[in-house]
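What follows draws every value from the coordinates through simple rules; no lab data is involved. None of these values were measured; they are calculated from a predicted model. Every residue, glycine among them, receives a Cβ derived from its backbone with ideal geometry; neighbour counts consider all protein chains shown.
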Amino acid sequence: MLSFYNTLSKTKEEFIPINKNEVTFYSCGPTVYNYPHIGNYRAYVFADILKRVLLYNGYPVNHIMNITDIDDKTIRDSIKQGKTLKEFTEYYTLGFYEDCKELNILPPSKFTKATDYVSEMVSLVEILLEKGIAYKSEDGSVYYDIKKFPNYGKLSNLVIEEQKENASGRIKTDEYDKENAQDFALWKAWDLNDGDVFWETSLGKGRPGWHIECSAMSMTNLGEQIDIHTGGVDNIFPHHENEIAQSEGATDKKFVNYWLHNEWVLVDGKKMAKSAGNFFTLRDLIDKGIDPVVYRFWLLMANYGTRVNFVWDALKASEVALKRLQRLYLDLGNEVGEVNEEYKKKFKNHVSDDLDTPRALATLWSLIADENIIPADRKATMLDFDKVLGLGFANLEQDVIPEDIQKLVEAREVARKNKDFKLADELRDEIKSLGYEVKDTDLGQKVLKI
């Protein structure tokens, strides 16, 4: 049985798709005003594992991920840099695509850019106006009247009546906390802060609010009702709560059957965030000589619904473990045999139980150590598991450091610790003569093929 923890019901539920011939799946993608930090990438790795598990269970998946290329931040920062919105956001969009490739994240069925769906957003806002759920303000902006939607707050357990007195009224900014639950902007009338970013529409001169973007893109590409919607826990309120209000207010149908959210990546016990300045990008890892797949592996060691604390030492330990796993895989030889059904059943049960990747990895380690199974069959089974894990075993031949080189590197590390720098230099030269280069970093030695 395939089951997930549903944020909406606050319980783990059996997954039953609307249509067994296609799972409809929407993921909130990045806001492209900068490179996403590695905390952001937990959401995309999580969505990738979820999709891989669905495929592993035989479900065809129609997966849409949006690119938020218009919002308060993209407009603000594009103006600061003196660039057009398109020029500015395209740069970071391409960077996101590159990062996803580095992390072995499968591309969605379609990436949707918000700026390509403005007419659909306008149509949706017009429906809400016609139904009396939305209203125009004095400046021409359009707001959603949250008191007109009786179920507002059902995803985040927010009770409007319990809000602080100063939370009444309306709010135009895209992001805000629960203490500011107010009528939110569906359409923002143009003002000077928007520069030359605006659309002339039946709603007037302006631009869409952030929340309406995802409702329009989801419904346009996947229909009025979908199976799964994912994002980080910070999206639950206000973004996903508002998506529900907009979509269900317009259609009078349940918008999403299964809401799945990943927890935060912390740094020193605090949420990783650009605003706090306590974040790292994938490029920071690469600059330290760390393969981004190591970060993916580290994330898989914890359940997606558990907060994790990022420290470099933990990532280094994960790198050591992954390299050992890779060497053990290569040691199984070139022949690929048959998938071991007993191990496959265990693995499938784990990943199908709310994406239990820690137990799935434990099964992988047990498999590779099981000498009762011939090496060729162990290799075939590892490759089968990797359809879900996405660690890239099939492409390892030229990437993993050979055992003899690894031994020389370890010997050099011992020499350096003993301050025998003459021997360390000799070992470095020997390693270089064999086609590899050693670099000393603050996280230890890094070995690269020349």
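Stick to Cα atoms and the Kirkwood definition of Rh, then tell me Rg/Rh for the chain.
Rounded to two decimals, Rg/Rh equals 1.03.
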Helix-only CD estimate at 222 nm, as mean residue ellipticity for the chain, using -39500 (n - 2.57) per DSSP H run (n ≥ 4)
-13000 deg cm²/dmol
Tell me which of 100, 406, 239 sits at the most positive position along the dipole axis of the chain, charges placed on C-beta atoms (Lys, Arg +1; Asp, Glu -1).
406
Expressed in µm² per second, the diffusion coefficient of segment 274-412 from the Stokes-Einstein equation, with Rh the Kirkwood radius over alpha carbon pairs, at 4 °C and 1.567 mPa s, is 79 µm²/s
How large is Rg/Rh for segment 3-262, to two decimals, with Cα atoms and a Kirkwood Rh?
0.95
Report, by chain and number, residues whose modeled amide H sits under 5 Å from the one on residue 134, excluding near sequence neighbours (fewer than 5 apart, same chain).
129, 145
Rg/Rg_globular for segment 151-198, with Rg_globular taken as 2.2 N^0.38 Å and Rg from C-alpha atoms:
1.40
Residues whose placed amide H lies under 5 Å from that of residue 112, excluding near-sequence neighbours
65, 66, 67
Diffing segment 332-339: the Karplus 3J(HN,Hα) column from phi (6.51, -1.76, 1.60, θ = phi - 60°), in whole Hz with x for Gly and Pro, holds 6, x, 8, 7, 10, x, 10, 5
Straight-distance crosslink candidates among lysines, where the alpha carbon sits under 17 Å from residue 101 and sequence neighbours closer than 8 are dropped
51, 110, 387
Pairwise centroid distance, computed over Cα atoms, of segment 89-139 with segment 16-57, Å
16 Å
Which whole number in µm²/s is D for segment 57-133 by Stokes-Einstein, with the Kirkwood Rh taken over Cα pairs at 37 °C and 0.692 mPa s?
220 µm²/s
Pop out the Kirkwood hydrodynamic radius of segment 1-81 from its pairwise C-alpha distances, inverse of mean 1/r, in Å to one decimal.
14.9 Å
Counted charge near residue 431, where neighbours are those whose Cβ lies closer than 14 Å (Asp, Glu -1; Lys, Arg +1)
-2
From the phi angles alone, apply the Karplus equation (6.51, -1.76, 1.60; θ = phi - 60°) to segment 405-416 and give each ³J(HN,Hα) in whole Hz, x where the residue is Gly or Pro.
5, 4, 5, 5, 5, 5, 5, 5, 4, 4, 4, 5
Compute the helix-to-body angle for 357-369: its Cα long axis versus the longest principal axis of the chain, expressed 0 to 90° and rounded to tens.
20 degrees
Report, in degrees rounded to the nearest 10, the 0 to 90 angle that the Cα long axis of helix 312-330 makes with the longest principal axis of the chain.
60 degrees
Compute the angle between helix 375-389 and the longest alpha-carbon principal axis of the chain, please, reported from 0 to 90 degrees and rounded to the nearest 10.
20 degrees
